[in-house]
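**Student:** Please read through the structure below; I'll follow up with questions.
The values are calculated or read from the model by the stated rules, or taken from the named source; none is laboratory data. Predicted model only: the values in this text are computed from it and were never measured. Neighbour counts run over all protein chains shown; Cβ positions are idealised from the backbone, glycine included.
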Amino acid sequence: MFDPSSLWDVIVLIGIVAAIAPWFGGYLGRIYMDRPMPGDSILGPIEAGIYRLLGTSPRKSMTAAEYFVALLVVNGMTWGFLYIWFVFQPSLPLDATGAPAMSWTLAFHSASSFTTNTDFTHFTNESQLSLGSLVIAWPLALFVSASTGLAVMAAMIRGFVRRDGTLGNFYVDMVRTISRLLLPLAIVFAVILVLLGVPQTFTNTVTAYPLTGGTQTIYLGPVASFTSISLLGTNGGGFYSANAASPLANPSALSNLFETFVMMLLGFSAPFAFGKIVRRRGEAWPYAGTIYIVFGIALGLFIAYQFATNPALASIPGLGPQLGGYPVGQETRFSLPEGSLFQVVSVYSNVGANNMQIGALQPVSQLVLLFGMFTQSTPGGEGTGFAMLLLFAVLGIFVGGLMVGRTPEYLGKKVKTGQVRWAALALLSHPAAILVPFVVAVVGGFVTVSSGSLPATAHTFTSVLYEFTSESANNGSALTAGGSSTFNDSTPFFNLAGAAVMLFGRFVPIYAMLKVGGMFSQQETLPPGQGTLRTASVTFTVYITLFLVIVTVLLFLPVIAMGPLSQIVGGG
């Protein structure tokens, strides 16, 4: 229900994050700098032992190609471990509930999803995952995928301050990300979630006896620890299929606000980590400003349009009008502003956790969420979101420099055609990864519902578009076909196509980010001159924001017109 007073909860939470982000971003930046840090006396020897086990030295700095190969090795081994675990799940430990083995296509999709920080599931967690999958296999990917994204961000940023052609050591970045950031925060946040009522146990199930009679099986497990790292690491895969709409994973309005804070922390702090690493704190504010502007407008639109009936559901009995003051699909334990903040933060941070039924949202609200996945950078996923924003900046500086007749230059490094090509490739790979499989799915007749072929309506068009967009953006949220029927995406085609989209959408942009950073790291730093573009300014903030919005709209306008905009105009 829309309670205007609950807007204060939203405003206060955003204010808390805005106040903490500069300090926390500074700490995040120090992790990737060769500087003394608190905890070195304890963690240093442990990390040194891990480096020896990995066969690397913290003094070894890698080129962009070497960094990418090391990244692929770690993520490839993670993928292989997950795939084998899911295929042989019944024969492995902790399967007291008798979870079945996954088909090879479903295991392929699941392993790709968890390795790429997407956590898009084509299965029901409660019946198709063993406890071992939930406490051993999947959590491994939660840490590896999140640390990979942050390591890539750090490597790319180093390109602006280094002059030897190297970007750092991936193994060192990954280990330090886990030991200095993800693991300690995940433990602290898990304890807080337990205090807020989220269960933490190794008991598989308990039997409840409702007042209406009969019995009910309630699935339990280490929900708090799983939820903590999945939200902190922008993974978003829920312990339960209902995700954050489950009262066990998100029991109250207070837990909802805390989980929203966890999702916001790293993404909104990333610009200040950038300012710390490049030793120019003022350069962080334009990116922070861009993130807050785009995110703030998106949240305002989402809340405003959710306070109305979805025209796509108007003809469905029981779903047309708002129920008891709540929009269809809204979790009634939270106010509309609180639930909306969680959902917008989740999608814009590429977490993908849901506390709403996205298929029942207003068309404008669906468009708002799609736009967040189109940009992938406001603030975007763990590490890679800010790196994508840097790619937008590189292109914007190049275009802006040419428009005013100045040499394109950023932080004393010239923006050349090589960086522009790789930045453009990263941006163009996203619509390509979405549209190619989308066309194949629709034209090839792979999109079906239980009653036959998928009706050719704007709403169902959007539901298929949302699936591939979520996978390409490594987001993981899902949109159903209108609340009354859902197209079947647990098929060999959608398993394999989705896996290909997620892998392409993850590693092609990462390679481009490392290449751009590597090219900058080969240049000497030039002193600023009269023609140097001032980037630590309000003007640059407005310019980058407009550049990002315009480029994103141009890239995706055709599908926006055929999906969400058609729903808005025609109500279909």
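Quick grid of which residues meet (1) in contact (Cβ under 8 Å) with a residue 60 or more places away in the chain; (2) surrounded by fewer than 24 Cβ atoms within 10 Å (Cβ to Cβ):
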position	(1), (2)
357	yes, yes
362	no, no
366	yes, no
369	yes, no
381	yes, no
388	yes, no
398	no, yes
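**Student:** With (1) under 24 Å from residue 427 (Cβ atoms); (2) within 26 Å of the chain's Cα centre (by Cα) as the list, and residue 535 as the residue in question, which single condition is left unmet?
**Tutor:** That leaves (2) as the condition not met.
**Student:** Is it the case that some residue within the stretch 104-124 is surrounded by fewer than 20 Cβ atoms within 10 Å (Cβ to Cβ), modelled with pLDDT of 95 or more and either among the aromatic types (Phe, Trp, Tyr) or out of contact with any Phe, Trp or Tyr (no Cβ under 6 Å at 6 or more places or on another chain) (or both)?
**Tutor:** For the stretch 104-124, residues surrounded by fewer than 20 Cβ atoms within 10 Å (Cβ to Cβ), modelled with pLDDT of 95 or more and either among the aromatic types (Phe, Trp, Tyr) or out of contact with any Phe, Trp or Tyr (no Cβ under 6 Å at 6 or more places or on another chain) (or both): present.
**Student:** Scan 148, 166 and give me the residue that is over 16 Å from residue 277 (Cβ atoms), modelled with pLDDT of 95 or more and either in the same structural domain as residue 31 (by TED's automatic domain parsing) or touching an Asp or Glu at 6+ places or on another chain (Cβ under 9 Å) (or both).
**Tutor:** 148
**Student:** Pairs needed: first member in the stretch 40-52, assigned by TED's automatic domain parsing to the domain that holds residue 172 and closer than 12 Å to residue 180 by Cα; second member anywhere, of a type in the set (A, V, I, L, M) and in a helix (DSSP H, G or I); C-beta distance under 7 Å; at least 6 residues apart or different chains.
**Tutor:** Close Cβ pairs satisfying both conditions: 47/175.
**Student:** I need the full set of residues from the stretch 182-238 which are over 26 Å from residue 478 (Cα atoms), of a type in the set (Val, Ile, Thr) and in contact with a Phe, Trp or Tyr (Cβ under 8 Å, 6 or more places away or on another chain), in order please.
**Tutor:** Within the stretch 182-238, 192, 205, 215 qualify.
**Student:** Please go through the stretch 110-149 and pick out each residue that is farther than 23 Å from residue 187 by Cα and β-branched (Val, Ile, Thr).
**Tutor:** Residues satisfying the conditions are 121, 124.
**Student:** Mind counting the residues in the stretch 19-36 that are loosely packed, with under 14 Cβ neighbours inside 10 Å and either in contact (Cβ under 8 Å) with a residue 40 or more places away in the chain or assigned to a helix (DSSP H, G or I) (or both)?
**Tutor:** Matching residues across the stretch 19-36 total 2.
**Student:** Against the condition within 17 Å of the chain's Cα centre (by Cα) and modelled with pLDDT under 95, how does residue 260 come out, does it pass?
**Tutor:** So residue 260 fails the test.
**Student:** Right, here's the next one. Going residue by residue through the stretch 59-72, is there one that turns out to be modelled with pLDDT under 95 and either within 28 Å of the chain's Cα centre (by Cα) or over 30 Å from residue 282 (Cβ atoms) (or both)?
**Tutor:** Taking every residue of the stretch 59-72 in turn, at least one turns out to be modelled with pLDDT under 95 and either within 28 Å of the chain's Cα centre (by Cα) or over 30 Å from residue 282 (Cβ atoms) (or both).
**Student:** Considering only the stretch 78-96, state which residues are farther than 25 Å from residue 510 by Cα, surrounded by 15 or more Cβ atoms within 10 Å (Cβ to Cβ) and not charged (D, E, K, R).
**Tutor:** Listed by number, the residues that qualify are 85, 86, 87, 89, 92, 94.
**Student:** Can you list residue pairs whose Cβ atoms sit under 6 Å apart, with the first residue in the stretch 270-296 being touching a residue at least 60 places away in the same chain (Cβ under 8 Å) and the second being part of a helix (DSSP H, G or I) and acidic (Asp, Glu)? Count only pairs 6 or more apart in sequence or on different chains.
**Tutor:** Pairs that qualify, where the first residue is touching a residue at least 60 places away in the same chain (Cβ under 8 Å) and the partner is part of a helix (DSSP H, G or I) and acidic (Asp, Glu), are 275/283.
**Student:** Moving on to the next point. Scan the stretch 230-241 and tell me whether some residue there is of a type in the set (Val, Ile, Thr), closer than 19 Å to residue 347 by Cα and more than 13 Å from the chain's Cα centre (by Cα).
**Tutor:** no
**Student:** Could you look through the stretch 434-457, keep only residues that are of a type in the set (Gly, Ala, Ser) and more than 18 Å from residue 373 (Cβ to Cβ), and pick out the one that is modelled with the highest pLDDT?
**Tutor:** 444
**Student:** Looking at this structure, is residue 99 crowded, with 17+ Cβ neighbours inside 10 Å, in the same structural domain as residue 270 (by TED's automatic domain parsing) and under 19 Å from residue 147 (Cα atoms)?
**Tutor:** No, not satisfied.
**Student:** Continuing with this model, one more query. Checking residue 215 against (1) surrounded by fewer than 18 Cβ atoms within 10 Å (Cβ to Cβ); (2) on the phi > 0 side of the Ramachandran plot, which single condition isn't satisfied?
**Tutor:** Residue 215 satisfies all of (1) surrounded by fewer than 18 Cβ atoms within 10 Å (Cβ to Cβ); (2) on the phi > 0 side of the Ramachandran plot except (2).
**Student:** Of the residues 312, 284, which single one is part of a helix (DSSP H, G or I), on the phi < 0 side of the Ramachandran plot and modelled with pLDDT under 95?
**Tutor:** Step by step, each of 312, 284 is checked, and only 312 is part of a helix (DSSP H, G or I), on the phi < 0 side of the Ramachandran plot and modelled with pLDDT under 95.
**Student:** Quick check on the stretch 463-477. Is at least one of its residues modelled with pLDDT under 70 and not in a helix (DSSP H, G or I)?
**Tutor:** no
**Student:** Filter the stretch 164-208 down to the residues that are of a type in the set (Ser, Thr, Tyr) and in a helix (DSSP H, G or I) and list them by number.
**Tutor:** Of everything in the stretch 164-208, those that are of a type in the set (Ser, Thr, Tyr) and in a helix (DSSP H, G or I) turn out to be 171, 177, 179.
**Student:** Also: Residue under question is residue 161, and the condition is that it be assigned to a helix (DSSP H, G or I) and not hydroxyl-bearing (Ser, Thr, Tyr); does it hold?
**Tutor:** When the stated conditions are applied, residue 161 does not pass them.
**Student:** Would you mind finding the one in 142, 150 that is farther than 17 Å from residue 387 by Cα, assigned to a helix (DSSP H, G or I) and of a type outside the set (D, E, K, R)?
**Tutor:** It is 142.
**Student:** A follow-up question, please. Take the residues in the stretch 48-78 that are in a loop (DSSP other than H, G, I, E, B) and of a type outside the set (Val, Ile, Thr); name whichever of them is nearest to residue 160 (Cα to Cα).
**Tutor:** For the stretch 48-78, the residue satisfying everything is 61.
**Student:** Conditions first: (1) within 27 Å of residue 509 (Cα to Cα); (2) at pLDDT below 90; (3) of a type in the set (S, T, N, Q). Residue 429 passes all but one, so which condition is the exception?
**Tutor:** Among (1) within 27 Å of residue 509 (Cα to Cα); (2) at pLDDT below 90; (3) of a type in the set (S, T, N, Q), the lone unmet condition for residue 429 is (2).
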